[in-house]
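Comments concern the structure below.
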Amino acid sequence: MIGWNTSSTAKTAGVKVNTSMGISGNTTYYSITKDTRGIDALFHLTNTDYATMTITALSNTEAEVIGDTGVTICYKYNGESNCKVKAPKLTGRSGATVHGWSTNSSSTSASFESEATITLSSS
């Protein structure tokens with residue numbers, strides 16, 4: 001548990017756990033929970049001769065490029081069943097056309113565009 005907030009959809013705590021505060025009226029506080037397991041998305045650039053990638057984290061996510069692989073991790077809050085990540089930006093090198101990302105390594109078409117927001121879920 002992260003803490004409490006007056007918004008039932010908040011992902012940050014207005015009041016942290018074990019913090020004292022005064023209440024001056026009828027106010028409803030909702031608990032803010034975070035599933036610390038996270039959901040990973042790996043983006044592998046199969047041929048760096050044709051493109052480069054840069055990665056940007058959405059709020060409540062982590063993202064980094066390690067060699068030719070982009071890694072993004074998102075977290076589910078308050079019992080959500082999914083979370084979102086942003087696909088890395090692909091930039092084609094001179095003479096190359098970039099189509100996007102695919103979930104199949106031998107695909108000739110894109111499943112997701114460069115910088116698409118992708119919803120991830122886990123059981």
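Please treat every number below as a calculation from the coordinates, not as lab data. Everything numeric in this text was worked out from a predicted model, so none of it was measured. Counting neighbours? That spans all protein chains shown, and the Cβs are built from the backbone with ideal geometry, glycine included.
Give the lysines reachable from Lys34 as a straight Cα distance under 21 Å; neighbours fewer than 8 places away on the same chain don't count.
Hits, sequence-local ones excluded: Lys11, Lys16, Lys76, Lys84, Lys86.
Using the per-residue mean of other Cβ atoms lying within 10 Å as a proxy for protection, in what order, highest first, do the peptides 69-75, 115-121 fall?
Result, highest mean Cβ count within 10 Å first: 69-75, 115-121.
In terms of the ratio Rg/(2.2 N^0.38 Å) built on C-alpha atoms, what value belongs to the range 62-120?
1.30
I need the per residue convex hull volume for the chain, using only the alpha carbons, in cubic angstrom as a whole number.
Here the figure is 124 Å³ per residue.
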